[in-house]
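The structure is given below, and queries will be raised subsequently.
Every number in this text was worked out from the coordinates using simple rules, so none of it is lab data. Since this is a predicted model, take the numbers as computed values, not measurements. Cβ sites come from the backbone with ideal geometry, for glycine too, and all protein chains shown count toward neighbours.
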Amino acid sequence: MKLINPFGPKIAVLKIPKNLIKKINDEFEQILLSKKLVKKRDYSEKLVGQVSQEIELSNKFIEKNLKKYVKKTINQYLLKSLNKKTNKIKIKNLWIVRQFKNDYNPIHFHNGDISGVGYLKIPKNLTKGDKKIKTHGTIDFIYGSKSFLNNSIYNHIPKEGDLLLFPNYLMHTAYPFKIDGERRSFSFNLEIDKKVSSIFND
């Protein structure tokens, strides 16, 4: 796990195991085969994304395949950031985002205490057509305003298997891209022990 501190909030960057990426993609492909399931799991009304599809994964799948991994990585993040760990971690929601040519996610923040985004599929040459700054299909995190010795934007070019962890309030946006192909990711929000999440509020 790499901890990035481009401004106030710390962002963790790590790699998702390949077998876990396959499990999530396989589960999602099974959902796509059923129009009934796609309709039942449609999560788009609760989100701001201007994207093709946003589908919630079942609690059963999350419990069996993701809960242990998420808790482990969150505790690594907390340990590196605060020198704290907790057993009280609750996954509030977790959903898949399908983004295609010209789709985008406007600037927004999440709920809970800690949020994450993991990348399951990335088109080749995602940033093709970009000029000096590569933003096609990338994610920007925004905090505060630019000032001396302080950047207000952190830009990340996603690669398959990347997982980013960040505090829920950190504003971010996913830009559109100009090539064919699917940019598939999953996002989640967590609640943790309030004694840890409010450590700087005392």
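Of everything in the range 116-132, what is under 21 Å from F166 (Cβ atoms) and either surrounded by fewer than 18 Cβ atoms within 10 Å (Cβ to Cβ) or touching a helix residue (DSSP H, G or I) at 6+ places or on another chain (Cβ under 9 Å) (or both)? Give them in sequence order.
Those that are under 21 Å from F166 (Cβ atoms) and either surrounded by fewer than 18 Cβ atoms within 10 Å (Cβ to Cβ) or touching a helix residue (DSSP H, G or I) at 6+ places or on another chain (Cβ under 9 Å) (or both): G116, G118, Y119, L120.
Select the helices (runs of 4 or more DSSP H) contained entirely in the range 1-114, then report the ones holding at least 2 residues which are buried (at least 16 other Cβ atoms within 10 Å of the Cβ) and of a type outside the set (K, R).
Working: elements: 18-32, 35-41, 67-82.
Because the criterion is at least 2 residues that are buried (at least 16 other Cβ atoms within 10 Å of the Cβ) and of a type outside the set (K, R), the helices (runs of 4 or more DSSP H) in the range 1-114 that meet it are 18-32, 67-82.
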